[in-house]
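The next block holds one structure in the form of structure tokens; read it before the comments.
The values are calculated or read from the model by the stated rules, or taken from the named source; none is laboratory data. These numbers were taken from a predicted model, which means no experiment stands behind them. Virtual Cβ from ideal backbone geometry, glycine too; neighbours counted across all protein chains shown. In case anyone asks, the SASA skips ligands and DNA or RNA and just uses the protein heavy atoms, side chains included. Shrake-Rupley method; radii C 1.70, N 1.55, O 1.52, S 1.80 Å.
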Amino acid sequence: MKKHNFYAGPSILPQYTINKTAEAILNFAGTGLSVLEVSHRSKEFVAVVDEATQLFKELLNIPDNYSVVFLGGGASTQFAMVPFNLFVKKAAYLNTGEWSKKAIKEAKMFGEVDVVASSEDKNFSYIPKGYTIPEDADYFHITTNNTIFGTEIKYDIDSPVPLVADMSSDIFSRPLDVSKYAIIYGGAQKNLAPAGVTFVIIRNDILGKVTHHLPTMLNYKTHIDKESMFNTPPVLPIFAALQTLRWLKDQGGVEEMNKINVYKAGLLCNEIDRNSLFEATIKDEEDRSLMNICFVMTKGNEDKEKAFFEFATSKGMIGIKGHRSVGGFRASTYNALPVESVKALIATMQEFEQQNS
Ligand SMILES: *Cc1c(COP(=O)(O)O)cnc(C)c1O
């Protein structure tokens, strides 16, 4: 039976990426060696990093005064690396979920953190609006897509201070105005590559302002100067990321991806709103994520949750269990998820409704 992969992360990748990576595990770039066993300084692998960097810039329209680096450590290391490189006297954060909270926790180790707004009062089920960003903050940090709770800031906000964004789970899902951001970072394992590589897009002039000691590995400049080759980068995940970037370009880039993502999320949200057994946890459509769609059983039908999970599993739906802090279900509809999988989930929800009414 066909499996439909709705995992939140690591998550579905384009079949193209998986096929090309499998081929390179056997024979990388005609070298007669596996990509698992080549030097990161071989000319064949340097070409991979160069092309991946180039495609990042091309697909996201990144201006010339920015650098792109590929690091280890996951997005979670960036929670500390951002303040290490930018925190002088005060930072501002928007608290929209578990990942924001973790980022805030790290920043607090460096000094004063102004949490300008939070949606924790309603279990992070909305995006706060109408807050004021303090003009004396060194930077303002947001999480654009809240993977666990299913909310998303789907536009580029204006900030009077350098804007830093964790885009782990919505990078390449829509066009971006990169010039509005000072730093964009993310773990690649949601929408780009297998786990192990973290991308960071940095406006070069933002660096060099802190006076405290910066450990070499945590200094962005180290990695910019050595073009991600200061130490051994995650070779295989970078190779796979390059395949996804090529696939993205072939699909028509982020504009085209966004159209498909809006279409997929629209189909599923319409069904959740229509189906008498399910309801969306995010009420305001403006705040609903295009990448992680969370829903629960309607009032009076809570006892059918387990039965639906088992029914959906029997139909090949994988990874739809909601995060423990939300409950219910979460369907992750990343770039690589085919429309066909969304339709299969909808058909499953409709069949379950018929059987239970
Ligand atoms: C998954 C995720 C993280 C954590 O990423 P790691 O690479 O596991 O450290 C951080 N932020 C967001 C928005 C995420 O979805």
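Descriptive notes on the structure:
- Subset of the range 116-161 [more than 22 Å from the chain's Cα centre (by Cα) and among the aliphatic types (A, V, I, L, M)]: Val116, Ile133, Ala137, Val161
- Here Val82 meets the list (1) open to solvent by less than 50 Å² (accessible area, probe 1.4 Å); (2) farther than 30 Å from Gly130 by Cα almost entirely, failing just condition (2).
- Looking across the range 31-50, just one residue is of a type in the set (Lys, Arg) and either without any contact (Cβ under 8 Å) to a residue 12 or more places away in the chain or open to solvent by less than 80 Å² (accessible area, probe 1.4 Å) (or both), and that is Lys43.
- Qualifying residue in the range 41-52 (condition: under 18 Å from Asp250 (Cα atoms), assigned to a loop (DSSP other than H, G, I, E, B) and at pLDDT 95 or above): no
- Residue count for the range 146-170 under the criterion of being aliphatic (A, V, I, L, M), within 11 Å of the ligand (Cβ to nearest atom) and touching a residue at least 40 places away in the same chain (Cβ under 8 Å): the result is 1.
- Residues that are open to solvent by 20 Å² or more (accessible area, probe 1.4 Å) and touching a Ser or Thr at 6+ places or on another chain (Cβ under 9 Å), drawn from the range 194-214: Pro194, Arg203, Asn204, Leu214
- Candidate set: the range 259-268, residues that are open to solvent by 40 Å² or more (accessible area, probe 1.4 Å) and touching a residue at least 40 places away in the same chain (Cβ under 8 Å); chosen: the one nearest to Asn61 (Cα to Cα): Ile260
- Among the candidates Glu310, Glu256, Glu302, Glu353, the residue that is surrounded by fewer than 21 Cβ atoms within 10 Å (Cβ to Cβ) and under 22 Å from Ser169 (Cα atoms) is uniquely Glu256.
- Residues that are away from the ligand (no atom under 16 Å from the Cβ) and free of Cβ contacts under 8 Å to residues at least 60 places away in the same chain within the range 185-210 comprise just one, Gly208.
- Considering only residues in the range 61-95 that are among the β-branched types (Val, Ile, Thr) and part of a loop (DSSP other than H, G, I, E, B), the one that is nearest to Ser179 (Cα to Cα) turns out to be Ile62.
- If only residues of the range 220-237 that are open to solvent by less than 40 Å² (accessible area, probe 1.4 Å) and more than 11 Å from Val69 (Cβ to Cβ) are counted, the one that is nearest to the chain's Cα centre (by Cα) is Pro237.
- First in the range 6-30 and over 29 Å from Arg330 (Cβ atoms), second anywhere and acidic (Asp, Glu), Cβ under 8 Å, 6 or more apart: Phe28/Glu44; Ala29/Glu44
- Within the range 102-131, if we keep just the residues that are assigned to a helix (DSSP H, G or I) and buried (at least 18 other Cβ atoms within 10 Å of the Cβ), the residue that is farthest from the ligand (Cβ to nearest atom) turns out to be Ala107.
- For the range 57-68, the candidate set comprises residues that are touching a Lys or Arg at 6+ places or on another chain (Cβ under 9 Å) and touching a residue at least 12 places away in the same chain (Cβ under 8 Å); within that set, the residue that is nearest to the ligand (Cβ to nearest atom) is Val68.
- The condition of being under 19 Å from the mean Cα position of the chain (by Cα), in contact (Cβ under 8 Å) with a residue 40 or more places away in the chain and surrounded by 18 or more Cβ atoms within 10 Å (Cβ to Cβ) holds for only one of Ser341, Ser332, that being Ser332.
- Considering residues of the range 1-19 that are open to solvent by 50 Å² or more (accessible area, probe 1.4 Å) and within 16 Å of the ligand (Cβ to nearest atom) only, the residue nearest to Gly319 (Cα to Cα): Tyr7
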